[in-house]
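Everything on this sheet refers to the single structure shown next.
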Amino acid sequence: MADRVTVIGWDGSPLTDAARGALGAATLVAGAAHHLALPEVPRTAERIRLGSVALAARRIAGHRGTAVVLADGDPAFFGVVRTLRAPEFGLEVEVVPAVSSVATAFARAGMPWDDAQVVVAHKRTLRRAVNVCRAHTKVAVLTAPGAGPAELGLLMEGVHRTFVICEELGTEHERVTVVTSDKAADHTWRDPNVVIVVGGRAGAGEDGGWIAGRDPAAGPRGWTQPAEAYGGGLGEGETDLLRAAQLARLGPRVGDLVWDIGCGSGAFATEAARGGAAVIAVDRDPEACARTEAAARRFGVQLHVVPGIAPHILENLPEPDVVRVGGGGAAVVNAVADRRPQRIVTHAATRDAAERVGRELTEHGYRVECALLQSVELDTRAWTETERSVAFLLSGELGRSETPH
């Protein structure tokens, strides 16, 4: 019974001596059609067309002989190695890597990629991949059928990006095309492909540095920033401690889409975006929208600001993961809950208003928590009170079985 498998990466270049040696001794070879057509594959070897890696791993585990798996690029980078190493197959895996398709795509584009986010898009993760593209200025997307450049472009409506689409890298049919995101759906693209998504304003620390991808330490320390960081004059629902509590309840993260309804100064929206989430900020006041865009520029984050009146403006927005309702009361909370985000936070000035919102959330199947937050700001030179703030903080959470995302 086979207990060892050699996984060979292929990027269109001539195979290395190690790869040719492993292939020459193979009695079973698994791979895609273009891999199995390579002249180095022994004619006498059993061949498996690689579809389900798990099924292939079971065949390999039961094979009496020497097994080789061929895969595109670096098979240890979002590739077959993870599945083959699963304990249930009992396989010892040796890897002969090639240049990854992501590295090749950036090489074709003539761009560095240490500052890029890398995501995998298939039908189940397409939404989250799009949210990463909304939130970051440079993303490589490894696509799949039904979750390719056209689908990415359609879901990025309202957010302008440039797509560098690399099709069938390493083959004689390789093609590299540059289009704007709104034009990607006008074409038919060949699989497999890698899409480099670039655009948006440059953020702090996105010129390369000490860590691959987005630098989590870029910008000032702290979940929330003082009012002065946003030009002062924050609204009643935008105090530092209330914002910190709302961020803690929502927990926005990379891959999430956050709605901030009634964004005011843009303080909450900016701070959610600093955590890596995609954010759509909504306000009926053009001045508030302008302040939010200015805050995003100041902190170097990506935001999509949508002017309009809630709840009507929400109808055409993409599905959110978590939502902050900064204004509009129970009517807006009701409309948001109809969209079934995993978590919703809002605040109320009175207990009666808090009860109304709480009932709306409960009737929509959310588990509701409410806390009375009171903060007192002191002048530490004389330890005298300078400002007092009181608000009811409400949060609603769907049960895991009810969460649509």
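The figures follow:
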item: Check on Leu247, buried (at least 17 other Cβ atoms within 10 Å of the Cβ), aliphatic (A, V, I, L, M) and within 24 Å of Ala294 (Cα to Cα); result: yes
item: Residue selected from segment 73-102 under the condition in contact (Cβ under 8 Å) with a residue 24 or more places away in the chain and part of a helix (DSSP H, G or I), by the criterion surrounded by the fewest Cβ atoms within 10 Å (Cβ to Cβ); result: Thr83
item: Residue ID - modelled with the lowest pLDDT, chosen from residues in segment 162-179 that are out of contact with any Cys (no Cβ under 9 Å at 6 or more places or on another chain) and of a type in the set (S, T, N, Q); result: Thr171
item: Residues that are touching a Gly at 6+ places or on another chain (Cβ under 7 Å) and open to solvent by less than 30 Å² (accessible area, probe 1.4 Å), drawn from segment 117-135; result: Asn131, Val132, Ala135
item: Residues of segment 271-295 satisfying the condition of being buried (at least 20 other Cβ atoms within 10 Å of the Cβ), in contact with a strand residue (DSSP E or B) (Cβ under 8 Å, 6 or more places away or on another chain) and farther than 25 Å from Ala331 by Cα; result: Ala273, Ala277
item: Strands (runs of 3 or more DSSP E) enclosed by segment 304-405 - at least 1 residues per element that are surrounded by fewer than 17 Cβ atoms within 10 Å (Cβ to Cβ), of a type outside the set (A, V, I, L, M) and in contact with a strand residue (DSSP E or B) (Cβ under 6 Å, 6 or more places away or on another chain); result: 367-379, 384-397
item: Any hit, segment 105-117, residues being within 30 Å of Leu314 (Cβ to Cβ) and in contact with a strand residue (DSSP E or B) (Cβ under 9 Å, 6 or more places away or on another chain); result: yes
item: Any hit, segment 57-64, residues being within 24 Å of Thr171 (Cβ to Cβ) and either open to solvent by 30 Å² or more (accessible area, probe 1.4 Å) or not in a loop (DSSP other than H, G, I, E, B) (or both); result: no
item: Yes/no for Arg243 being of a type outside the set (A, V, I, L, M), at negative phi, assigned to a helix (DSSP H, G or I) and touching a residue at least 40 places away in the same chain (Cβ under 8 Å); result: no
item: Verdict on Leu241 being at pLDDT below 95 and of a type in the set (A, V, I, L, M, F, W, C); result: yes
item: Search result, residues across segment 136-160 that are outside any helix (DSSP H, G or I) and either among the aliphatic types (A, V, I, L, M) or open to solvent by less than 10 Å² (accessible area, probe 1.4 Å) (or both); result: His136, Val139, Ala140, Val141, Leu142, Ala144, Ala147, Gly148, Met156, Val159
item: One residue from Ala185, Ala229 being in contact (Cβ under 8 Å) with a residue 60 or more places away in the chain and part of a helix (DSSP H, G or I); result: Ala229
item: Residue list for segment 266-321, filter: hydrophobic (A, V, I, L, M, F, W, C) and under 19 Å from Ala337 (Cα atoms); result: Val279, Ile280, Ala281, Val282, Ile309, Ala310, Ile313, Leu314, Leu317
item: One residue from Trp259, Trp210 being under 28 Å from Arg124 (Cβ atoms) and either under 18 Å from the mean Cα position of the chain (by Cα) or not in a helix (DSSP H, G or I) (or both); result: Trp259
item: Given (1) surrounded by fewer than 17 Cβ atoms within 10 Å (Cβ to Cβ); (2) touching a residue at least 24 places away in the same chain (Cβ under 8 Å), index of the condition His173 fails; result: (2)
item: Answer residue from segment 202-236, given it is among the acidic types (Asp, Glu) and surrounded by 15 or more Cβ atoms within 10 Å (Cβ to Cβ) and is modelled with the highest pLDDT among those; result: Asp215
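The values are calculated or read from the model by the stated rules, or taken from the named source; none is laboratory data. Only a predicted model underlies this, so the values are computations on that prediction, with no experimental measurement involved. Virtual Cβ from ideal backbone geometry, glycine too; neighbours counted across all protein chains shown. The protein model used for the area step is the full one, side chains on, heavy atoms only, and it has no ligands, DNA or RNA in it. Shrake-Rupley method; radii C 1.70, N 1.55, O 1.52, S 1.80 Å.
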